[in-house]
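The structure appears right after this line, and notes come after that.
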Amino acid sequence: MKILSFGSMNVDKVYQVEHFVRMGETIHATGFQQNVGGKGLNQSVAASRAGATVFHAGAVGTDGAILTETLADAGIDISSILTLPGQSGHAIIQVDPKGHNCIIVFGGTNRELTEGYVDEVLRAHGEAGDIVLLQNETNLIPYIIRNAQAAGLKVAFNPSPIPSDLDGLPLECVDYFIVNEVEGAAIAGMEEPSDYNAVLQILSEKYPSSVIVLTLGSAGVLCRGGGKTYQHDIYPVRAVDTTAAGDTFCGYFLAGICGGRDIAKCLEEASAASAIAVSRPGAAPSIPMAEEVRAFIRKFLR
């Protein structure tokens, strides 16, 4: 079983700020870095570093060599990534002293996939039982979901940023929902995610054959799958940059599924990997290797 990631790839411009800029305000940044990122790239790197076999599909612009090189260096198959005219996706990220972030994303070539390209990737590289991993930073999400399911592949969906047309998505075809509390509440039809257990219950009733993973920041994670409910607390660390926290969790969780681990173990390793990632600056560069994650867990179990 492998992960076929139709994923965004972005150049991240990261600014350290004393506070997030307000309407009409101009502020000075206290630091700057340019990193590689994009939710798709981060998730692919996390899954690969966790030990999964990962095939990445998507498009970069003529400025995208740094993105494809990062994926290749992480051991990911990049043989079908397109290079198109124009700019790759990029993000402007503000990070405050507590490690919180505020992000603006420009899709660029991430939004230029074609149905013919999707069909060819699924035909050439998808095998029954593989996991197709999606977020909401590329185009053709409904088309990919439907055709992946039709080809006998499992679909994992991290609906970030929240789609404006939730009702137009074939969510009944999704096998794994990996959502934070805001995304989960939106899919559940709730205005405020005040009761996390209620969000999980509604999603489980709407999609009874799916595994629902609800990440809750400092409150840890809740999960419902196979008729059982699971919970895992966070590992306490000093947060430096939370940019890739959710992506790291997503990649590690799905890598665990591919490796045949039970859900409880997948949640444990994904939570630990996410904790390590937030303790470091940057997106993809902050994602740990599997050996480090397991050593981290052993330290907490002493």
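The values are calculated or read from the model by the stated rules, or taken from the named source; none is laboratory data. Just so you know, these numbers come straight off a predicted model, no measurement behind them. Here the Cβ is made from the backbone with ideal geometry for all residues, glycine too, and neighbour counts use every protein chain on show. The protein model used for the area step is the full one, side chains on, heavy atoms only, and it has no ligands, DNA or RNA in it. Shrake-Rupley method; radii C 1.70, N 1.55, O 1.52, S 1.80 Å.
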Student exercise, the chain dipole from Lys, Arg, Asp, Glu Cβ charges, in Debye to nearest 20: 840
Fraction of beta bridges assigned by DSSP in the chain that are antiparallel (%, nearest 5): 40
Relative contact order [Cα under 8 Å, 6+ residues apart], the chain, whole percent: 19
Cα centroid separation, the stretch 221-266 to the stretch 17-42 (Å): 26
Listed residues ASN136, HIS125, ALA150: farthest to the positive end of the dipole of the stretch 116-156 (Cβ charges): ALA150
Sulfur and carbon atoms: percent of accessible area, the stretch 1-78 [1.4 Å]: 52
Cβ-defined net charge surrounding HIS56, 14 Å radius [Lys, Arg +1; Asp, Glu -1]: -3
The chain: Lys pairs at Cα distance under 30 angstrom, eight or more positions apart or on different chains: 24
Size of charge dipole - the stretch 1-85 - debye, nearest 20, with Cβ of Lys, Arg +1 and Asp, Glu -1, no other charges: 220
MRE, 222 nm, helices only [DSSP H, n ≥ 4, -39500 (n - 2.57), over the chain, to nearest 500]: -10500 deg cm²/dmol
Per residue, in Å², the accessible surface of the chain once ligands and nucleic acids are set aside, probe 1.4 Å: 44
Between the stretch 184-212 and the stretch 92-129, the Cα center-to-center distance that results, in Å: 24
Listed residue (CYS250, SER48, ALA264) projecting farthest to the positive dipole end of the chain, Cβ model: ALA264
Heavy-atom accessible surface of the stretch 89-188: percent carbon and sulfur, 1.4 Å: 50
Accessible-area composition of the stretch 215-269, carbon plus sulfur, in percent [1.4 Å probe]: 51
Relative contact order %, the stretch 102-202, counting alpha carbon pairs below 8 Å whose residues are six or more apart: 21
